[in-house]
Amino acid sequence: RIHSPLVFVPHSEARVLHLIRHGEGFHNVAGEVNEEFYKLEQYRDAHLTERGWKQAALLGQHIRSANMPVELVVTSPLTRTLETACGVFGRPALQKNAPGPLLMTEQEGLEGIRVQRAALSGQGVPRIIANEMCRERRSMSHPCDQRRPVSHYTRTFPAVDFSLLEHEDDQGLPLADVTPEGREKVHHVRARARQLLQWLLQRPERHIA
């Protein structure tokens with residue numbers, strides 16, 4: 001049993017992290033029926049369901065009603081997490097020619113794949129940065145955990161900062177970091193989490209979601 005020493009951090013150096021899980025995705029619904037459905041190509045980088053969008057909207061209402069200060073939003077570069085961030089912090093784009101880039105472009109519905117959504121404005125929204133380090137446990141056998149090219153995201157989410165993504169396409173993992181089932185090994189996930197925390201501590205923002 002390891003006892004960590006008590007460490008006091010000056011208030012000026014402290015960070016408040018709001019941890020948010022993505023809303024319900026189409027892959028989640030399918031996986032509840034049969035876990036093998038997670039491996040279906042149709043759920044590659046899955047979108048939010050209608051229920052997932054409603055979950056994001058309700059959380060956004062709670063954040064605003066509680067006057068919770070959020071200076072920065074950090075999201076993994078997957079469609080379900082990006083859509084969740086947009087659903088929580090975005091605002092309806094009431095004018096087509098409104099100043100500034102859209103947070104998310106208009107989305108056409110496709111039954112069982114994605115729901116129809118109006119465009120969302122980036123005005124008054126905290127900065128949103130995509131970071132590979134906060135991706136959930138990756139899987140080489142689950143298309144739902146594999147991201148799209150960066151160029152697709154920049155077109156769909158124009159106001160999101162994707163500058164930290166070094167590669168256009170999703171990169172595989174070294175064989176040493178993958179289980180026989182094709183899942184990212186836990187020690188590798190933990191190492192990414194430590195890197196993410198170190199990166200967050202170096203940020204100037206104090207209230208981060």
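Only residues that are in contact with a helix residue (DSSP H, G or I) (Cβ under 9 Å, 6 or more places away or on another chain) and either over 20 Å from T179 (Cβ atoms) or among the hydrophobic types (A, V, I, L, M, F, W, C) (or both) were counted across region 125-146, and they come to 8. Number of residues in region 1-27 that are farther than 30 Å from E71 by Cβ and either surrounded by 11 or more Cβ atoms within 10 Å (Cβ to Cβ) or at pLDDT 95 or above (or both) equals 2. Is at least one residue of region 128-135 β-branched (V, I, T), in a loop (DSSP other than H, G, I, E, B) and either under 29 Å from L173 (Cβ atoms) or under 19 Å from the mean Cα position of the chain (by Cα) (or both)? No. Each residue in region 189-206 was checked for being open to solvent by 50 Å² or more (accessible area, probe 1.4 Å) and either closer than 22 Å to N67 by Cβ or not in a helix (DSSP H, G or I) (or both), and 3 pass. I'd like to check something: does region 93-105 contain any residue that is modelled with pLDDT of 95 or more and either in a helix (DSSP H, G or I) or buried (at least 19 other Cβ atoms within 10 Å of the Cβ) (or both)? Yes, the conditions are met somewhere in region 93-105. Test of understanding: among A46, A30, which residue is at pLDDT 95 or above and under 16 Å from the mean Cα position of the chain (by Cα)? Just one listed residue meets the conditions, A46. With respect to R155, is the statement that it is out of contact with any Cys (no Cβ under 7 Å at 6 or more places or on another chain), open to solvent by less than 40 Å² (accessible area, probe 1.4 Å) and part of a helix (DSSP H, G or I) true? No, not satisfied.
Scanning region 32-51 for residues that are closer than 16 Å to R137 by Cα and either open to solvent by less than 60 Å² (accessible area, probe 1.4 Å) or touching a Ser or Thr at 6+ places or on another chain (Cβ under 7 Å) (or both) returns Y38, K39, D45, A46.
Here region 59-80 is the region considered, the condition is being part of a helix (DSSP H, G or I) and open to solvent by 30 Å² or more (accessible area, probe 1.4 Å), and the residue that is nearest to E205 (Cα to Cα) is R64. Please work out if A56 is at pLDDT 95 or above, in a loop (DSSP other than H, G, I, E, B) and surrounded by 20 or more Cβ atoms within 10 Å (Cβ to Cβ). Considered against the rule, which asks whether it is at pLDDT 95 or above, in a loop (DSSP other than H, G, I, E, B) and surrounded by 20 or more Cβ atoms within 10 Å (Cβ to Cβ), A56 comes out as no.
The values are calculated or read from the model by the stated rules, or taken from the named source; none is laboratory data. In this text, all values refer to a predicted model and were calculated from it rather than measured experimentally. For neighbour counting, all protein chains shown are included, and Cβ atoms are generated from backbone atoms with ideal geometry for every residue, glycine included. Just the protein is used for accessible areas: all its heavy atoms, side chains included, with ligands, DNA and RNA removed. Shrake-Rupley method; radii C 1.70, N 1.55, O 1.52, S 1.80 Å.
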